[in-house]
Number of protein chains: 2
Amino acid sequence: MSLTNASPADAARAAKSASHVLATLSAEARNDALTAIHAGLTAARDDILAANARDLELARQAAADGKLSASLVSRLDLGKTGKWEDMLKGILDVRDLEDPVGRVTLRTKLDDGLELERVTCPIGVLLIIFEARPEVIANIAALAVKSGNAAILKGGKESTESFVAISTVISQALSQTSVPNGAIQLVTTRESIPQLLALDRDIDLVIPRGSNELVRYIKDNTKIPVLGHADGLCSIYLTASADPKLAADVVVDAKTSYPAACNSVETLLVQESALNTVFPAVAAALAAKGVELRCDAASKSALSSSNITVVDATPEDYNTEFLSLVLAVKTVPDLSAAIAHINTHGSHHTEAILTSDKDEAERFMSAVDASGAYWNASTRFADGMRYGFGTEVGISTNKIHSRGPVGLEGLMIYKYKIRGQGHVSAVYGEGEGKRRFKHERLAI
Amino acid sequence: MSLTNASPADAARAAKSASHVLATLSAEARNDALTAIHAGLTAARDDILAANARDLELARQAAADGKLSASLVSRLDLGKTGKWEDMLKGILDVRDLEDPVGRVTLRTKLDDGLELERVTCPIGVLLIIFEARPEVIANIAALAVKSGNAAILKGGKESTESFVAISTVISQALSQTSVPNGAIQLVTTRESIPQLLALDRDIDLVIPRGSNELVRYIKDNTKIPVLGHADGLCSIYLTASADPKLAADVVVDAKTSYPAACNSVETLLVQESALNTVFPAVAAALAAKGVELRCDAASKSALSSSNITVVDATPEDYNTEFLSLVLAVKTVPDLSAAIAHINTHGSHHTEAILTSDKDEAERFMSAVDASGAYWNASTRFADGMRYGFGTEVGISTNKIHSRGPVGLEGLMIYKYKIRGQGHVSAVYGEGEGKRRFKHERLAI
């Protein structure tokens, strides 16, 4: 790893070159490197926390001056209970995951002595752009090494001291291993971002970790594929056949367990025939948790005899990711209308239906155009750890490559290998005297 | 299918909307639509060939005036022996492929009564931009319907009459099926291309079928993912341990069996120690087939006692996709130098090594950064039909999603479904009284 003063173009070229070596290392060599990083960080705990304290001091001043949010200051703090330990444990957790490199996913006998094999391999060079949280450096370095990808890391300026301290330790640790120098590149200047985003020849994938604004800026300013999501406008469709208690529990969890999360619900679609049956109980449970309901006329009317105060919804409310205790409520006649609303207004993240009707649930899950489609479960389950992936690279709303919570698999691609014995193509064909391919599927 | 005079934006929106219905159709419904297309085209043979003859007449005039290449005229001709029959057979071949939609690729028990499932589904809306060959319309329409994707088709102006004739028939055929109107949109004006390429909200994937220039233009002018390759700069590394006869056969096939193909070899890397042993036989076989060798000093010198005339290579020759009977030859000291050359100068398409040393071959296949890495086989095997995929959407040199020859799988993504019983996220965690996820891998 090198803390580079090189130009972004040179850093990217060096990363690309290192990626070609990294891709050929054995699982043992990559795991040993993770062990070395863990040991290095463990030994350097005091120095790193001291550096982090300097970042924190500046950030607290900036917050006091109103230039930085308190939540950003909080995310900076590596000294918070459990954070340091979690960071270190995360490195070993990643190390102990199944090796994603070199998995054979297809084997075909093309002809006698001619075999085709599809094998997973690293994508190449990742560009990771993140904001405040310094522990992301260790996490991403671990993911990159484990998956055999080189990485260029660009951190936020608020965490510069922590960033340099952690990365210096990782650098020293890796220099004792077979991971090539240059496999992990660090870039600290903000001006480098546009330059990096233009390097589509050497950088294969951008992974932003930060605010919606950061992701949107990056998506709008690069031709390199971006893994992530700018928006998380999740909806729940409440049907007349839903159990009221179940519905209230799920909607309350989806809205209130972490309102700022991308997988929190932002729009509640209510079946017209549920307005006076299931809906009032759900609305009451939400109101009891302090949720502001922004209702259309019909849903407002359904609550008129209750003591729940609601706000009139505007059209823009149905396109808004509130990220707070606000929920847009809209009445729809039926399943088709709910699906149409979601597919038009949603962000293709995670959608849920609450119903007792299995067929209706299956139709909903098949038709909504989203990375997650749930039946009688909270949208908040959309998460790589909750899915059991062991680690999470991010949540993608892309329509190609990786969708939904992305684990190590999202950092992999594949190549085709053919092993022959001097086979040539011209002898194969349909005509007389031509050889035919055998195309026998072989066991993996 | 609608032959639209609508704006590109309206066409794309209509395709997106139709895609949401198409994605929910059963395999039977999609296959029935393909049967209907096949029957419609069979019945309309004479009309379509007459329309094609009108295109051909104009194209022949343009060719006579020097405004169009003879090869383009030849690609236009649907009346050529076997072409019509191949087009029709292709539709049934696609219909009879295994259904790519709804395959379960992961199942996990998250907790009692809470199951996660990953299921393949269509990507959404494809934009297909192709040049002369009118049979591509039928082929792509079939692939789109089979994979549950909507498609916007933009053909070249030379094939307009054929394009309209074929698509009118497909349109009528589909109107009798459950495939929604609007699932396949046709656009005929050239001016629409830049507009379509800007519609990244409604179009999910662009597939260009045509010249390198077309692909490069598209890649440079859209943020929508592009499936394809602009370049096919394939190399073969000839080592000292290669069998001379095997090497000559493979290199001759890779260079001469179809020089204009993207998977033909363009650079021959020769191990220094092979210059006076294996190389002369390979060079003689190439020269006998009329291949012009552009050699560096060392490889030229190795042929000085032969009667093979060679041309001095320029640096640019090692970055050139000749697409003709020209081959750049470069001497390298060893495997590492060969890999470094390929990873720097290649286009990440298909590379081969000719060697008797298994370890060397495996190292080469692991280290070259390409969609195909072959041992003792011709680069010309890089092809979806030859790989046994049944159909080919294109060959991708992308580093994410699909790489190498792409079959129907490349038109698919997946979604996660969760089936619960009112499960909420807040009860799970590490602390006291919290539930733990079970994360049991279930059989698929």
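The values are calculated or read from the model by the stated rules, or taken from the named source; none is laboratory data. Owing to the predicted nature of the structure, the values given are computational and were not obtained by experimental measurement. Every residue, glycine among them, receives a Cβ derived from its backbone with ideal geometry; neighbour counts consider all protein chains shown. Ligands, DNA and RNA are excluded from the accessible area calculation, which covers all protein heavy atoms including side chains. Shrake-Rupley method; radii C 1.70, N 1.55, O 1.52, S 1.80 Å.
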For this session: Would you list the strands (runs of 3 or more DSSP E) that sit entirely within the range B:342-444 and hold 3 or more residues that are crowded, with 23+ Cβ neighbours inside 10 Å?
Result: B:350-354, B:372-377, B:404-406, B:412-423
For this session: For A:T168, state whether it is surrounded by fewer than 24 Cβ atoms within 10 Å (Cβ to Cβ), in contact with a Ser or Thr (Cβ under 7 Å, 6 or more places away or on another chain) and more than 14 Å from chain B (Cβ to nearest Cβ).
Result: no
Exercise. Out of the range B:24-62, which residues are over 18 Å from B:Q176 (Cα atoms) and either within 25 Å of the chain's Cα centre (by Cα) or open to solvent by 30 Å² or more (accessible area, probe 1.4 Å) (or both)?
Worked result: B:R45, B:D46, B:D47, B:L49, B:A50, B:A53, B:R54, B:E57, B:L58, B:R60, B:Q61
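Could you list, in sequence order, all residues of the range B:121-135 that are in contact with a Gly (Cβ under 6 Å, 6 or more places away or on another chain), away from chain A (no Cβ under 13 Å) and open to solvent by 10 Å² or more (accessible area, probe 1.4 Å)?
Residues of the range B:121-135 in contact with a Gly (Cβ under 6 Å, 6 or more places away or on another chain): B:122, B:130-132.
Then drop every residue that is not away from chain A (no Cβ under 13 Å), which leaves B:130-132.
Selection gives B:E131 alone.
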Problem set entry | Subset tally (residues that are at pLDDT 90 or above, open to solvent by 40 Å² or more (accessible area, probe 1.4 Å), charged (D, E, K, R) and in a loop (DSSP other than H, G, I, E, B)) for the range A:171-223 | 3
Exercise. Got at least one residue in the range B:266-276 being part of a loop (DSSP other than H, G, I, E, B), farther than 30 Å from B:R75 by Cα, of a type in the set (S, T, N, Q) and over 34 Å from the mean Cα position of the chain (by Cα)?
Worked result: yes
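Counting just the residues of the range A:81-110 that are farther than 23 Å from A:G390 by Cβ and more than 10 Å from chain B (Cβ to nearest Cβ), which one comes out least open to solvent (accessible area, probe 1.4 Å)?
Just the residues of the range A:81-110 that are farther than 23 Å from A:G390 by Cβ, to begin with: A:81, A:106-110.
Next, from what is left, pick out any that are more than 10 Å from chain B (Cβ to nearest Cβ): A:81, A:107.
Details: A:T81: 146, A:R107: 63 Å².
Residue satisfying both the conditions and the ranking: A:R107.
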Exercise. Name the residues in the range B:281-293 that are surrounded by 19 or more Cβ atoms within 10 Å (Cβ to Cβ) and part of a helix (DSSP H, G or I), would you?
Worked result: B:V282, B:A283, B:A285, B:L286
Problem set entry | Leading residue by the ranking (farthest from the other protein chains (Cβ to nearest Cβ)) among those in the range A:232-264 that are surrounded by fewer than 20 Cβ atoms within 10 Å (Cβ to Cβ) and not in a helix (DSSP H, G or I) | A:A240
Exercise. Across the range B:324-341, what is the number of residues that are in contact with a strand residue (DSSP E or B) (Cβ under 8 Å, 6 or more places away or on another chain), open to solvent by 20 Å² or more (accessible area, probe 1.4 Å) and more than 18 Å from B:D369 (Cα to Cα)?
Worked result: 4
Problem set entry | Check on B:I308, open to solvent by less than 50 Å² (accessible area, probe 1.4 Å), over 34 Å from the mean Cα position of the chain (by Cα) and either within 13 Å of another protein chain (Cβ to nearest Cβ) or of a type in the set (V, I, T) (or both) | yes
Problem set entry | Index of the failed condition, A:A151 passing every other in (1) of a type outside the set (F, W, Y); (2) open to solvent by less than 10 Å² (accessible area, probe 1.4 Å); (3) in contact with an Asp or Glu (Cβ under 7 Å, 6 or more places away or on another chain) | (3)
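With B:D334, B:D369 as the choices, which residue is facing chain A (nearest Cβ under 7 Å), over 30 Å from B:K89 (Cα atoms) and of a type in the set (D, E, K, R)? Give the derivation first.
Details: B:D334 fails: facing chain A (nearest Cβ under 7 Å).
Of B:D334, B:D369, the one residue that is facing chain A (nearest Cβ under 7 Å), over 30 Å from B:K89 (Cα atoms) and of a type in the set (D, E, K, R) is B:D369.
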